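The values are calculated or read from the model by the stated rules, or taken from the named source; none is laboratory data. Please read these numbers as outputs of a predicted model, since none were measured by experiment. Positions of Cβ are generated from backbone atoms using ideal geometry, with glycine treated the same way; all protein chains shown enter the neighbour counts.
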Amino acid sequence: MIDKQKVKPELLAPAGSINAFERALEAGADAVYIGAPALNARALSRDFSLGEIGAMVQFAHEKGVKLYLAANSLLKESEIPQALETLAMLEELQPDALIIQDLGVYNLCRKYFPDLRLHASTLLGAHNSLAVRQFEKMGFKRVVLARELTIKEIGAIARKSQVELEVFVHGALCFSYSGLCLFSSYLGGKSGLRGRCVQPCRRRYQWKQPGEKPGYYFSMNDLSSIDHVHELLQVGISSLKIEGRLKSSHYVASVVKAYRMVIDAGIEDRSILEHAEELLNQAMGRKTSQGYFSTAESNELISPYHSGNIGLYLGQAGKGTGKGRVSLVLKQPLQVGDRLRLHQEDTGERVAFTLRNVTINGRKVSQAKPGDAIFLEVPAVVMKGDSLYKVASRTAREAEKVQSGVDPSRFNKRTKKLLQKTKKKVSAIQQSLATAQAGRRKKTVAGLRRKRGTAAVVPLLDIKIDDLQVLKFRLPVMPEQLLVELNRKTYNDFQHQKKTVKKYHNRMVWCLPPVILENEISFFSKAINQLLRDNFSNWQIGHVGQLLLFDRKVRLDLSGDYTLNVLNSQGLYVLKDLGLLRAQVVIEIDRESLRDIINSRSAAHSGVGLGMTVYGTPPLFTARSMAAHFKY
């Protein structure tokens, strides 16, 4: 057994371009992660070609560096054929691991591409030791922990697991637990689970009550844990991860250099930390906090009356500002060619542009220093009080254009040969899937006819409640199943209302929430065992790790909530293997995708009953932060 505390951790850097990839290596990254074509949760970034990926894998391995591919988007049924082609090629290109979220992608890799090493994405929501152990049982070689954990909780998880653990140490934070945010879908119609987040949490909101000050209530400050590196090493973390596949190569290089210095120091050295913090300031990120590492409730997590913009704050528009023109007293050095971003405070809109000229006292200059009163031309209407930020310096932008040492053209011929090689394999897999589906469909349809004749099957209606007091009143409709959220209140109420609950006993399904923190496991374990003794055998899980709370020798009727994020038929096969009889599809599913699953007969062949939430008020966020500026 390896003592994880004595193994030097990996420093893992992001790259959204070949230039950023090379700068990360130069700055001292032990590994780099990039997006897999059409499979990654940064769909707004440009996909790397297979030739580029092959060249980067080879280049990294020649330097003794690992390359991981983020294939961590949810997959629609219609996207499975393309995913098979991509996975077949990736297996041939031999990256060091795939980082995945989708249970369907997991199933395809496990069955057809076993040589691909799998890492569980933070989007899979590993927030306790049960989740980590479950993913280890499923064959994942590494688990990326949820970003909402304290170092104490991380240490407790590490002590109970043998699999490699990875944590984010720097970069953007989401207000919600990863994998449980519906805000982008609700407000913008685009799923964050599929890498299309429109970032509604970064916008300004106004309370309905008159007189309340508007603010950026959900906009998290960036994470910077440079002061916690050695604590993380002591608890046995295998990989320290930097967020930022959409960031510039300048940002990546600056942040990697800073963390490399601190890791290599071996001890906490104040002078090294100060030097590292200077490098981080040069990276032009947002205002930072230490995230959740020290405490689950920190006043540093959100600055509600600050825009949370990326970059160096240059100043606020003052007198003389108007259409296409802004005046301000400069707070940071500036030069023509810098990339700037105007933040319009009234609307929350942002306008990015390249600086063409600077005017001081009526004279055009090429650069200005802090304290100068300047005028700038801006391609927008500017109001007094709007803010201006520098998001990339001219020097850094010119460095982006440096000729790359990675040459994808060398892989063009090899890529064509590999495509021919994998074409046969993919065709065989697709034929295998079709054959399996046809056989299972025939058997399943016959079974339905024997039981129900030729009439159409009527869907079952379930009702979910989170308060047992409801049962004191007559329900307007008697549901086939009554879903009851298990929490401390419902469990205590159950102890005092057993007579009221008794008439619903055969219909009742106890439901576990998607997030159970490490210190809550003992309560849920105790409550589940007691309810099992009271002959409640119907359960709904909110996370696959919760299966470890049950004695599998006991006969159970298990189903899965929509928080398992199933969007394709392949995910249903995984749930069947895990012992589930029914599952809800992801709540973000659209009509076309639902039709695709049904028309492919996937629900029938998997043996897992398919359900969906049709009415209710699901949480837009499932968040840990109980910020003081909210009105509950």
Residues within the range 333-349 that are assigned to a loop (DSSP other than H, G, I, E, B) and either of a type in the set (A, V, I, L, M, F, W, C) or modelled with pLDDT of 90 or more (or both), tallied: 4
Of those in the range 357-384 that are in contact with a Leu (Cβ under 9 Å, 6 or more places away or on another chain) and not in a strand (DSSP E or B), the residue nearest to Tyr305 (Cα to Cα) is Val382
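Out of everything in the range 498-554 that is assigned to a strand (DSSP E or B) and not β-branched (Val, Ile, Thr), what residue ends up being farthest from the chain's Cα centre (by Cα)?
Met508
Name the residue, out of Leu330, Leu334, that is over 30 Å from Leu517 (Cβ atoms), surrounded by 22 or more Cβ atoms within 10 Å (Cβ to Cβ) and outside the structural domain of Val169 (by TED's automatic domain parsing).
Values: Leu330 fails: surrounded by 22 or more Cβ atoms within 10 Å (Cβ to Cβ).
Of the residues listed, the single one that is over 30 Å from Leu517 (Cβ atoms), surrounded by 22 or more Cβ atoms within 10 Å (Cβ to Cβ) and outside the structural domain of Val169 (by TED's automatic domain parsing) is Leu334.
Can you name every residue in the range 569-590 that is assigned to a loop (DSSP other than H, G, I, E, B) and touching a residue at least 60 places away in the same chain (Cβ under 8 Å)? Spell out the reasoning first.
Within the range 569-590, the subset assigned to a loop (DSSP other than H, G, I, E, B) is 578-581, 585-590.
Correct list: Val586, Ile587, Glu588.
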For the range 591-632, which positions are out of contact with any Ser or Thr (no Cβ under 8 Å at 6 or more places or on another chain), β-branched (Val, Ile, Thr) and in contact (Cβ under 8 Å) with a residue 24 or more places away in the chain? Val608, Thr613
Taking the range 167-182 and keeping residues farther than 21 Å from Gly308 by Cβ and outside any loop (DSSP other than H, G, I, E, B) leaves Val167
For the range 13-24, state whether one or more residues are closer than 22 Å to Phe168 by Cβ, in a loop (DSSP other than H, G, I, E, B), hydroxyl-bearing (Ser, Thr, Tyr) and in contact (Cβ under 8 Å) with a residue 40 or more places away in the chain. yes
Considering (1) among the aliphatic types (A, V, I, L, M); (2) within 24 Å of the chain's Cα centre (by Cα); (3) surrounded by fewer than 17 Cβ atoms within 10 Å (Cβ to Cβ); (4) not in a helix (DSSP H, G or I), say which one Ile267 fails and leave the rest. (2)
Might you check whether a residue that is at pLDDT 90 or above and closer than 26 Å to Val501 by Cα occurs anywhere in the range 584-592? yes
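Pick from the range 215-253 the residues that are among the hydroxyl-bearing types (Ser, Thr, Tyr) and in contact with a Phe, Trp or Tyr (Cβ under 6 Å, 6 or more places away or on another chain): which of them is surrounded by the most Cβ atoms within 10 Å (Cβ to Cβ)?
Of all residues in the range 215-253, those among the hydroxyl-bearing types (Ser, Thr, Tyr) come to 216-217, 219, 224-225, 238-239, 248-249, 251.
The next check asks that each one be in contact with a Phe, Trp or Tyr (Cβ under 6 Å, 6 or more places away or on another chain); those that pass are 217, 225.
Details: Tyr217: 19, Ser225: 23.
Checking each candidate, the answer is Ser225.
Is it fair to say Leu580 is aliphatic (A, V, I, L, M) and within 22 Å of Gln546 (Cβ to Cβ)? Walk me through it before giving the result.
Working: aliphatic (A, V, I, L, M): yes; within 22 Å of Gln546 (Cβ to Cβ): yes.
Yes.
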Members of the range 270-289 that are in a helix (DSSP H, G or I) and either within 26 Å of the chain's Cα centre (by Cα) or not basic (Lys, Arg) (or both): Ser271, Ile272, Leu273, Glu274, His275, Ala276, Glu277, Glu278, Leu279, Leu280, Asn281, Gln282
Only one of these is farther than 30 Å from Lys502 by Cβ, modelled with pLDDT under 90 and polar (S, T, N, Q): Thr454, Thr359. Name it. Thr454
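Looking at the range 110-129, which of the residues that are surrounded by 24 or more Cβ atoms within 10 Å (Cβ to Cβ) and either outside the structural domain of Lys152 (by TED's automatic domain parsing) or hydrophobic (A, V, I, L, M, F, W, C) (or both) is nearest to Arg194 (Cα to Cα)? So that I can check it myself, show each step before the final result.
So in the range 110-129, the residues surrounded by 24 or more Cβ atoms within 10 Å (Cβ to Cβ) come out as 119-128.
After this cut, where a residue has to be either outside the structural domain of Lys152 (by TED's automatic domain parsing) or hydrophobic (A, V, I, L, M, F, W, C) (or both) as well, the list is 120, 123-124, 126.
Numbers: Ala120: 16, Leu123: 10, Leu124: 13, Ala126: 18 Å.
Restricting to residues being surrounded by 24 or more Cβ atoms within 10 Å (Cβ to Cβ) and either outside the structural domain of Lys152 (by TED's automatic domain parsing) or hydrophobic (A, V, I, L, M, F, W, C) (or both), the top hit is Leu123.
Is it the case that Glu212 is surrounded by fewer than 20 Cβ atoms within 10 Å (Cβ to Cβ) and in a loop (DSSP other than H, G, I, E, B)?
yes
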Looking at Arg260, Arg196, which is the one that is in the same structural domain as Gly28 (by TED's automatic domain parsing), part of a loop (DSSP other than H, G, I, E, B) and surrounded by fewer than 22 Cβ atoms within 10 Å (Cβ to Cβ)? Arg196
How many residues does the range 366-401 contain that are surrounded by fewer than 16 Cβ atoms within 10 Å (Cβ to Cβ), out of contact with any Lys or Arg (no Cβ under 9 Å at 6 or more places or on another chain) and among the β-branched types (Val, Ile, Thr)? 1
Conditions: (1) of a type in the set (Ser, Thr, Tyr); (2) within 18 Å of Leu75 (Cα to Cα); (3) buried (at least 23 other Cβ atoms within 10 Å of the Cβ); (4) more than 22 Å from the chain's Cα centre (by Cα). Ser569 meets all but one. Number of the miss? (4)
Enumerate the pairs (first residue in the range 381-401 and under 20 Å from Ala317 (Cα atoms); second residue anywhere and part of a helix (DSSP H, G or I)) with beta-carbon separation below 6 Å, excluding pairs fewer than 6 apart on the same chain, so at least 6 apart or on different chains. none
